[in-house]
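Here the structure comes first, spelled out in structure tokens, and everything after it is commentary.
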Amino acid sequence: MSDQSFAPLSPPDPVRPDWHPETRLVHAGTLRSQFGETSEAMFLTQGFVYRTAEECEARFAGPSGGFLYSRFSNPTVAMLEHRMAAFEGAEAARATASGMAAVTAALVGPVKAGDHVVAAKQLFGSCRWILEDYLPRFGVASTLVDGRDLDQWRAAVRPSTRLFFLESPTNPTLEVIDIAAVADIAHAAGAVLVVDNVFATAVWQSPLALGADCVVYSATKHIDGQGRCMGGLILASEKFIQDHVHMLLRQTGPCLSPFNAWVMLKGLETLSLRVERQTATAAAVADALAGHPKIERLVYPGRPDHPQADVVRKQMRAGSTLVAFDVAGGKAGSFRFMNALKLAAITNNLGDSKSLVTHPAITTHQRLSAAERAELGIGDGLIRFSAGLEHKDDVVADLLGALEKV
Ligand SMILES: *Cc1c(COP(=O)(O)O)cnc(C)c1O
């Protein structure tokens, strides 16, 4: 082989303050190797080698910035973390193997035995399990409140309350919780607020700017956006990450595979394009279905008839890629609807390039009792629709055609 003493190319700026969000999604955090690749490289490696024993010693001893082991950090994963932090406007980010790994670290990291957590009961099923079944084993109690009712948040505070947790819009009924108001209550109580921002996406809602202390994502959803890889992200101040999640992630090991990180990194480049298209389709679906004789109730954060339309205007830049609606005829009616769809697929997932429908009562919220589901507005005819990247007219025609079979 010829002498190829490649000198590393000087990397592009990780992020410039004047870059718009869309530019950050394409460029922020890029690390370029000595080969000068245009597209970010996938560093599929567990470990790293050192030129000398002295360099090895120095890397381990101090904050030299070099990589040590991919459970701690990896160049491809670091690019994803930096790019997402630049887009979200966060000081720091950590990527995880799944959305639930991110939620778990953000909920477990800040608490210890004797502490108390307050959370909205309108939550993703697995998040409820952590609060109701898992944390109590370690002496961390939780109170679930109706997230829309600020008085319930205030009343739930105890001297030991350390953490508030919510999701907005909520899964699956797309109700909206006032993030700034809940952040104020949390801070007055000396607690931190963690927000699961999957349903709004970073494109339409910025919880940190609204006062939250930490934002978590299932990157499995819109960040990958094409139904391929599992992943998660935690974004917060450098202090929050160092105090609460840095060591937990390093030592317990829910690290993101560099392959999945690369898929997500390339996913970020098209995130705003995709979410804008999906939101336009969801809005068209909401308008076409609202008032339809076979639809008993429809909730879409982009419509003026949304139950918390004033809060939506205050904290979201646009609606959502999701629409929730009750099909007439309960379980039988909604089953006939789903079985008559020709384009939208029946799944329990969301945020894909393909339009999807979910029946929460038999899937994501099946673990809850019928009474608990009723309390959350999850009826037997409820459908959660996730807009894909198809032409909106084809999607609307598919849903209207299926409603005729109800
Ligand atoms: C999917 C989802 C999660 C969990 O993410 P995974 O990547 O499936 O682990 C958490 N919160 C919300 C709101 C979700 O939609």
(request) Could you identify the single residue in Leu376, Leu382, Leu400 that is surrounded by fewer than 18 Cβ atoms within 10 Å (Cβ to Cβ) and in contact with a His (Cβ under 8 Å, 6 or more places away or on another chain)? (result) Leu400
(message) Condition check: within 16 Å of the ligand (Cβ to nearest atom) and touching a Lys or Arg at 6+ places or on another chain (Cβ under 8 Å). Does Leu322 satisfy that?
(response) yes
(request) Go through segment 242-257 residue by residue and tally those that are assigned to a helix (DSSP H, G or I) and surrounded by fewer than 21 Cβ atoms within 10 Å (Cβ to Cβ). (result) 8
(message) Tell me the residue from Glu91, Glu132 that is away from the ligand (no atom under 15 Å from the Cβ) and in contact (Cβ under 8 Å) with a residue 60 or more places away in the chain, please.
(response) Glu91
(request) Identify the residue in segment 98-120 that is open to solvent by 40 Å² or more (accessible area, probe 1.4 Å) and at negative phi and, among all such residues, is nearest to the chain's Cα centre (by Cα). (result) Met100
(request) Please tell me if Leu289 is within 17 Å of Lys221 (Cα to Cα) and either at pLDDT 95 or above or over 23 Å from the mean Cα position of the chain (by Cα) (or both). (result) no
(message) Where the second residue is open to solvent by 70 Å² or more (accessible area, probe 1.4 Å) and at pLDDT 65 or above and the first is assigned to a loop (DSSP other than H, G, I, E, B) and lies in segment 9-25, which pairs have Cβ atoms under 6 Å and are six or more apart or on separate chains?
(response) Leu9/Arg32; Pro11/Arg32; Pro14/His82
(request) Six or more apart or on different chains, Cβ under 6 Å: which pairs go from a residue in segment 344-368 that's more than 23 Å from Val275 (Cβ to Cβ) and within 15 Å of the ligand (Cβ to nearest atom) to one that's open to solvent by less than 40 Å² (accessible area, probe 1.4 Å) and not acidic (Asp, Glu)? Could you list them? (result) His365/Gly125; His365/Arg373; His365/Ile378; Arg367/Gly125
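Residues checked against (1) in contact (Cβ under 8 Å) with a residue 40 or more places away in the chain; (2) open to solvent by 40 Å² or more (accessible area, probe 1.4 Å); (3) more than 16 Å from the ligand (Cβ to nearest atom):
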| position | (1), (2), (3) |
| --- | --- |
| Arg137 | no, yes, yes |
| Asp149 | no, yes, yes |
| Phe165 | yes, no, no |
| Val176 | yes, no, no |
| Val195 | no, no, no |
| Lys221 | yes, no, no |
| Leu233 | yes, no, no |
(request) Test Arg83 against the stated conditions and say whether it is assigned by TED's automatic domain parsing to the domain that holds Ser160, charged (D, E, K, R) and open to solvent by 40 Å² or more (accessible area, probe 1.4 Å). (result) no
(request) Scan segment 301-323 and report the pairs whose first residue is outside any loop (DSSP other than H, G, I, E, B) and whose second residue is hydroxyl-bearing (Ser, Thr, Tyr), with Cβ atoms within less than 7 Å and a gap of 6+ or a chain change. (result) Leu322/Ser386; Val323/Tyr300
(message) From the list Arg384, Arg367, exactly one residue is farther than 17 Å from Thr220 by Cβ and not assigned by TED's automatic domain parsing to the domain that holds Glu175. Which is it?
(response) Arg367
(request) Only one of these is modelled with pLDDT under 95, touching a strand residue (DSSP E or B) at 6+ places or on another chain (Cβ under 8 Å) and either of a type outside the set (Val, Ile, Thr) or more than 28 Å from Pro360 (Cα to Cα) (or both): Leu123, Leu80, Leu135. Name it. (result) Leu123
(request) Identify, from the list Ala53, Ala102, the residue that is assigned by TED's automatic domain parsing to the domain that holds Ala202, among the hydrophobic types (A, V, I, L, M, F, W, C) and within 16 Å of the ligand (Cβ to nearest atom). (result) Ala102
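The values are calculated or read from the model by the stated rules, or taken from the named source; none is laboratory data. Just so it is clear, the structure is predicted and the values come from calculations on it, not from any experiment. Heads up, the Cβs are rebuilt from the backbone with ideal geometry, glycines too, and the neighbour counts pull from every protein chain shown. When the accessible area is computed, the model is the full protein with side chains, heavy atoms only, and any ligands, DNA or RNA have been set aside. Shrake-Rupley method; radii C 1.70, N 1.55, O 1.52, S 1.80 Å.
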